[in-house]
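What follows is a short report on a single structure.
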């Protein structure tokens, strides 16, 4: 992984076009990667999120971090993840650090399996349900250029239209 200026990283907000790009696999597992992952975890905790994907901080790599409890010992890192064996369906409220203060109902698989690597390149395979499965799917969507706005039902899009327009206006005003 190429060295990244960690001090310049910020969480990108919708509709930044970098959020819509499909990410590239990580090929090098080195100290730069581990330092980047550590910084992502700090940003996720500071933002009071349960997950953060590399494209959300402008890095086009297949990496995400998550933590469902807020306890540092429960930090998880997934590099080059693949989700499979999705079963059931459940609708629940989701938020996203790239859509501050927007919460919408999203339907996702209730159970799944994730296969990935840790930040040292060791293989990981886990089975998750409910919130854990939801977070993995949400963060993996980011790696494929998919956002919660793409998953909203027509009713949720109508309900969220004003807030999405506010994000768009703020993004264009900042240019």
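Overview of results
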| item | result |
| --- | --- |
| GNM top mover of 24, 101, 129 - the chain, alpha-carbon springs below 10 Å | 101 |
| Nitroxide proxy distance, nm - points 7 Å out along Cα→Cβ at residue 101 and residue 175 | 2.4 |
| Candidates 45, 87, 13: whichever shows maximal mean-square fluctuation once the chain is modelled as a Gaussian network with Cα springs under 10 Å | 87 |
| Stokes-Einstein D (µm²/s) once Rh is taken as the Kirkwood radius of the range 71-122 over alpha-carbon pairs, at 4 °C in 1.567 mPa s | 97 |
| GNM flexibility winner over the chain from 73, 165, 111 (Cα, springs under 10 Å) | 73 |
| Gain upon complete extension [residue 18, residue 38; 0.36 nm per residue less C-alpha separation] | 5.1 nm |
| Semi-axis lengths (Å, descending) of the ellipsoid that matches the C-alpha gyration tensor of the range 106-175 | 31, 18, 7 |
| Contact order normalised by residue count of the range 64-175, Cα under 8 Å, 6+ apart, percent | 23 |
| Structure-based [θ]222 nm, the chain - -39500 (n - 2.57) summed over DSSP H runs of at least 4, per residue, nearest 500 | -10000 deg cm²/dmol |
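Throughout, read-outs are computed from the coordinates displayed, never taken from laboratory work. Quick caveat: nothing in here was measured; it's all calculated off a predicted structure. Cβ: placed from backbone, ideal geometry, glycine included. Neighbour counts: every protein chain shown.
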